[in-house]
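Report on the structure given below.
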Amino acid sequence: MQHDPLGGYRRLTIKIGSALLVDGDSGRLRADWLKSIAADIAELKRDGRDVVIVSSGAISLGRRILGLNAQSLPLDQIQAAASVGQIALSQAWRDALAEFEVTTGQILITPNITEERRHYLNARTTISTLLALGAVPIINENDSVATAEIRYGDNDRLSARVAAMVSADCLVLLSDIDGLYTAPPGTSPDAEHLPLVKAITPAIEAMAGGAASHLSRGGMTTKIEAAKIATQSGTSMIIARGTVTHPLKALIKGAPHTLFTANQSPAAARKRWILGSLTVAGTIHVDAGAAKALISGKSLLPIGVTKVTGDFSRGDAISIVAPGEQEIARGLAGMNHEDAKLAKGKKSQAIIGLFGAENRTELVHADNLVLLHAEWGSHHE
Ligand code: GLU
């Protein structure tokens, strides 16, 4: 048996480029191909994996529907094409996966969703909830409202941000090429295929050539950028050929690809991010019961909070202090400081009374919490 390159991963983000989904000449959806990858995705779901799809194709589908044939379009027409094409794209995914009884949800992302922590937390939570409910999130950039300055413009980097945001352990970029070569294989006959990249060195960056095809914005350069984002977030990345039918099945059976290995787990990377790159905007003092609950892996609920200080917003980093003034954890605030002060010491039911059932009742969700002193509870029985 061949080694299954996807075998060890539980949460996969799969990026699908326009050139795979949309026929370059006719501008029509490649329906048979879509059906084949939907079958592969359903198979991964049956195996208990979480699958998040980042799909391009809105602009190229919308171009055909609107009859916009010029090679290069002004930004307003690109945005109009994206708006029209996104409907067709979502519908195509919904229909293709529905054949296999898999439900889809659509999420459109603008860069500020991934950069701004409040939006980031919401997008992360919604995607996790979709996954917990067994659905497949279908993600694209919100091209029809994104301004040129804040657009990603390519789904390679967008998919890497998404993979990091959802703590995926692997990102698969399905491309028209089966991985990274030492030189562009089309023009350099001695180009060698690289099956494994352990570190993205300047030499690796230099191997990335220019843009690939007129339909996909991303050439190898944006794929290497994506690999940097992914591997630093604990997500391994695979570039594989997507042009064949059943591309994921082909990969699982050992089709050539390039693997960029992450040198840490997504959980470790997230921990480092929460601890390292964010300044602490507030402090929450908790009672002994809450401290023990946190150490056993639970979320921080307002009932155990005794004091709230600082001016923090939802998504800011906050410090959690146990009786005896010991900082036991850091986390991302699930509410702003005003709401935290109102909620302090109250039961979840009373908080629903205060803020309404549609608001979250955790002050810090367990997923957004990093413990600093796992041994605290034992000294404070
Ligand atoms: N978001 C664009 C679309 O849906 C594609 C960007 C890309 O090809 O990377 O058409």
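Structural remarks
- Of all residues making up the range 26-62, the number that are over 19 Å from residue 139 (Cβ atoms) and assigned to a loop (DSSP other than H, G, I, E, B): 6
- Scanning the range 117-151 for residues that are within 16 Å of the ligand (Cβ to nearest atom), of a type in the set (S, T, N, Q) and under 21 Å from residue 235 (Cα atoms) yields a single hit, 140.
- Search result, residues across the range 1-25 that are within 16 Å of the ligand (Cβ to nearest atom) and either charged (D, E, K, R) or not in a helix (DSSP H, G or I) (or both): 13, 14, 15, 16, 17, 22, 23, 24
- Only one of the numbered conditions (1) touching a residue at least 40 places away in the same chain (Cβ under 8 Å); (2) under 17 Å from residue 11 (Cα atoms); (3) not in a loop (DSSP other than H, G, I, E, B) is violated by residue 258, and that is (2).
- On the stretch given as the range 334-368, residues that are modelled with pLDDT of 90 or more and among the polar types (S, T, N, Q) total 1.
- Selection count where residues are of a type in the set (Val, Ile, Thr) and away from the ligand (no atom under 16 Å from the Cβ), scope the range 39-73: 2
- Scope the range 261-281; condition surrounded by fewer than 17 Cβ atoms within 10 Å (Cβ to Cβ), of a type in the set (A, V, I, L, M, F, W, C) and in a loop (DSSP other than H, G, I, E, B); matching residues: 278
So that you can scan it fast, the table gives a plain yes or no per residue for (1) farther than 22 Å from residue 261 by Cβ; (2) more than 16 Å from the ligand (Cβ to nearest atom); (3) assigned to a helix (DSSP H, G or I); (4) under 10 Å from the mean Cα position of the chain (by Cα):
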residue: 153; (1), (2), (3), (4): yes, no, no, no
residue: 158; (1), (2), (3), (4): no, no, yes, yes
residue: 161; (1), (2), (3), (4): no, no, yes, yes
residue: 164; (1), (2), (3), (4): no, yes, yes, yes
residue: 168; (1), (2), (3), (4): no, yes, no, yes
residue: 171; (1), (2), (3), (4): no, no, no, yes
residue: 177; (1), (2), (3), (4): no, no, no, no
residue: 187; (1), (2), (3), (4): yes, yes, no, no
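Each row is one residue, and each column tells you yes or no for (1) in contact (Cβ under 8 Å) with a residue 40 or more places away in the chain; (2) not hydrophobic (A, V, I, L, M, F, W, C).
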position: 16; (1), (2): yes, no
position: 19; (1), (2): yes, no
position: 22; (1), (2): yes, no
position: 31; (1), (2): yes, no
position: 40; (1), (2): yes, yes
position: 57; (1), (2): yes, yes
position: 60; (1), (2): yes, yes
position: 72; (1), (2): no, yes
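- Applying the criterion of being under 32 Å from the mean Cα position of the chain (by Cα) and at positive phi to the residues of the range 303-349, the residue that is surrounded by the fewest Cβ atoms within 10 Å (Cβ to Cβ) is 310.
- Conditions (1) more than 22 Å from residue 128 (Cβ to Cβ); (2) assigned to a helix (DSSP H, G or I): number failed by residue 71: (2)
- All positions within the range 317-370 that are β-branched (Val, Ile, Thr) and closer than 11 Å to residue 300 by Cβ: 318, 320, 328, 361, 364
- Of the set (1) on the phi > 0 side of the Ramachandran plot; (2) within 15 Å of the ligand (Cβ to nearest atom), all apply to residue 90 but (1).
- Residue in the range 79-93 that is modelled with pLDDT of 95 or more, of a type in the set (Val, Ile, Thr), part of a strand (DSSP E or B) and surrounded by 18 or more Cβ atoms within 10 Å (Cβ to Cβ) present: no
- Only one entry in 163, 168 is surrounded by 22 or more Cβ atoms within 10 Å (Cβ to Cβ), touching a Cys at 6+ places or on another chain (Cβ under 9 Å) and of a type outside the set (Lys, Arg), namely 163.
- Filtered residues of the range 10-38 (kept if surrounded by 21 or more Cβ atoms within 10 Å (Cβ to Cβ) and within 26 Å of residue 265 (Cα to Cα)): 12, 13, 14, 15, 16
The values are calculated or read from the model by the stated rules, or taken from the named source; none is laboratory data. Please read all numbers here as calculations on a predicted model, not as lab measurements. A quick note on method: Cβ atoms are made from the backbone with ideal geometry, for glycine too, and the neighbour counts reach across all protein chains shown.
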